[in-house]
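Colleague: Structure below; questions to follow.
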Amino acid sequence: MAEGAGKIPNSELRHFDIRPITRLEYPMNQHASLSISTCEEEVYLAQRELSSFIAAVTELYGPEQARLSAMDWLEESEFIDSPRRAKVSNCRAVTIAAAARLARRVNLSAVA
């Protein structure tokens, strides 16, 4: 191989960022960071949805129904299995399912 073959001429080096890549800039870490960020967002949305639901149930039906509804919400959240992209609608589906349980419970206690 001729001397200098395979090397990039100095005139072309200015087009490249030749400084070392730090650990935080490494693309795999960007993916991990994105995953953590997405996970944190999902947790935040779920907490917000559950909190709003429990506040409404407490106001309308009292603390005992709110406690039972919180347990229903958490149980229903375990049953939801769909793509991550639809997390907001997943939380809403969990709330709807928990609200349906609440409605059945309230209707049954009204009949009894």
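The values are calculated or read from the model by the stated rules, or taken from the named source; none is laboratory data. It should be emphasised that the depicted structure is a prediction, and the values quoted were computed from it without experimental measurement. Positions of Cβ are generated from backbone atoms using ideal geometry, with glycine treated the same way; all protein chains shown enter the neighbour counts.
Colleague: Under 7 Å by Cβ, and 6 or more places apart or on different chains, what pairs join a residue from the stretch 90-109 that is closer than 22 Å to ALA46 by Cβ and in contact (Cβ under 8 Å) with a residue 24 or more places away in the chain with one that is small (Gly, Ala, Ser) and buried (at least 16 other Cβ atoms within 10 Å of the Cβ)?
Modeller: Listed by first residue and then by second, the contacts come to CYS91/ALA46; VAL94/SER77; ALA98/SER69; LEU102/SER69.
Colleague: Condition first: within 12 Å of ARG92 (Cα to Cα) and in contact with a Leu (Cβ under 8 Å, 6 or more places away or on another chain). Now tell me which residues in the stretch 51-76 satisfy that.
Modeller: Within the stretch 51-76, just TRP73 meets the criteria.
Colleague: Report those helices (runs of 4 or more DSSP H) wholly inside the chain carrying at least 3 residues which are at pLDDT below 95 and surrounded by 15 or more Cβ atoms within 10 Å (Cβ to Cβ).
Modeller: Fully inside the chain and qualifying: 27-61, 87-111.
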